[in-house]
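Asker: My questions all concern the structure below.
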């Protein structure tokens, strides 16, 4: 069935679903990171990159938790999430076992929109901001017109075993060769960054490595770039600065504490700079994807 929609939110009527999901698999990784597969056919069918779901973490905990969607399989009806334990809810979620059920409310929010006129997609993900970039990469690889590059960063061990990339990325520093195997197998060039000294990773931020790549492009090639990002707030602000410095459009997915996640409580509002002036927007349904320049307009705004 669909979640109730009020007259104030008609755009979301019939687009958010409530399901009793079944846990298919639950992987546990270093740094209290977990990858969760849930059978939720309605969410899987309608989800797009950048959207999230509101999950019931435990029967004893009434409040749900929002998790970004990392992958879906529409034919098999499953949704995949990568999350990190940060509080009581996700700590309880980490104890859940395959075969158990949990409530799934989703998909929720506005997803990423890739512009065909800018087929060089630069995907920047940090920490638990990696999932939307993986989902977006999966979407883009279905269209041969797009040529995505993913740069992913983490300050804890990555929740996958990296390996040396076989895909050349011009302009990057020598020795930066670590890649995410899943994206590499999809044919999407990917590089990893961290300040923790992990083998093959760039010692620095994702935006630092992105500048090497952008500087290696011709002006005409840079005119084909569109930036996408998700991660902690300082990283998102750095992405907005990067896009402004190179004159590129950038879309970012925000992370915010949410109570209802369907626009009713207005507990996740952020200030958005619009042509008409500042406005307060709800991250859950007006986002989580926003124009980076509207969230971080720069010093002259």
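Asker: Tilt of helix 130-140 relative to the longest C-alpha principal axis of the chain, in degrees (0 to 90, nearest 10)?
Answerer: The helix 130-140 is inclined about 80 degrees to the chain.
Asker: Classify region 193-243 from the C-alpha gyration tensor, please: rounded if a/c falls under 1.5, else prolate or oblate depending on whether a/b exceeds b/c.
Answerer: oblate
Asker: Quickly estimate the mean residue ellipticity at 222 nm for the chain, helices only: each DSSP H run with n ≥ 4 gives -39500 (n - 2.57), and the total goes over all residues, rounded to 500.
Answerer: Values: 8 runs with 61 residues, N = 301.
Mean residue ellipticity, 222 nm, calculated: -5500 deg cm²/dmol.
Asker: For helix 206-216, what angle does its Cα long axis make with the longest principal axis of the chain, in degrees from 0 to 90 and rounded to 10?
Answerer: Helix 206-216 sits at roughly 40 degrees to that axis.
Asker: Report the dimensions of region 120-254 along its three principal axes from the alpha-carbon atoms, largest first, rounded to Å.
Answerer: Ordered largest first, region 120-254 gives principal extents of 34, 32, 28 Å.
Asker: Pairs of Cα atoms under 8 Å, at least six residues apart: use those to get the relative contact order of the chain, whole percent.
Answerer: Dividing the mean separation by the residue count of the chain yields 16 percent.
Asker: So in region 96-206, what percent of DSSP beta bridges are antiparallel if you round to the nearest 5?
Answerer: 15 percent
Asker: In whole Å and largest first, what semi-axes does the C-alpha gyration tensor of region 248-301 yield when each eigenvalue is scaled by 5 and square-rooted?
Answerer: 21, 12, 8
Asker: Would you please give the FRET efficiency between residue 265 and residue 113, computed as 1/(1 + (r/R0)^6) with r the Cβ-Cβ distance and R0 = 41 Å, to the nearest 0.05?
Answerer: For residue 265 and residue 113, the calculated efficiency is 0.95.
Asker: For region 176-292, compute the orientation-averaged projected area of the C-alpha convex hull (one quarter of its surface), in nm².
Answerer: 9.5 nm²
Asker: Using the 10 angstrom Cβ neighbour count as an exposure proxy, how do 235, 280 rank, fewest first?
Answerer: 280, 235
Asker: May I pose another question? Sort 286, 203, 115, 185 by Cβ crowding within 10 Å, fewest neighbours at the top.
Answerer: In order of increasing Cβ crowding within 10 Å: 185, 115, 203, 286.
Asker: Here's a follow-up. Just to be sure I follow: if Rg is taken over the C-alpha atoms of region 10-108 and Rh is the Kirkwood radius over the same atoms, what is Rg/Rh?
Answerer: Checking Rg against Rh, the ratio lands at 0.94.
Asker: So, one more: Helix 233-246 against the longest principal axis of the chain: what's the angle in degrees, Cα atoms only, rounded to the nearest 10?
Answerer: 40 degrees
Asker: So what's Rg/Rh here for region 12-55, counting alpha carbon atoms and using the Kirkwood radius for Rh?
Answerer: Ratio of gyration radius to Kirkwood radius for region 12-55: 1.03.
Asker: Follow-up. Give me the one-decimal nm value for the distance between modelled label points at residue 279 and residue 141, 7 Å along each residue's Cα-to-Cβ direction.
Answerer: 3.6 nm
Asker: Hey, another quick one. In whole Å, how far is the Cα centre of region 192-213 from that of region 48-89?
Answerer: 28 Å
Asker: In what sequence do 52, 205, 112 fall when counting other Cβ within 10 Å, fewest first?
Answerer: 205, 112, 52
Asker: Where both partners of a DSSP beta bridge lie in the chain, what percent of those bridges are antiparallel, to the nearest 5?
Answerer: Here the antiparallel bridges make up roughly 70 percent for the chain.
Quick note: the coordinates plus some simple rules give every number you see, no bench work behind them. Keep in mind that what you see is a predicted model, and the values were worked out from it rather than measured. No Cβ is skipped: glycine too gets one built from the backbone with ideal geometry, and neighbour counts run over all protein chains shown.
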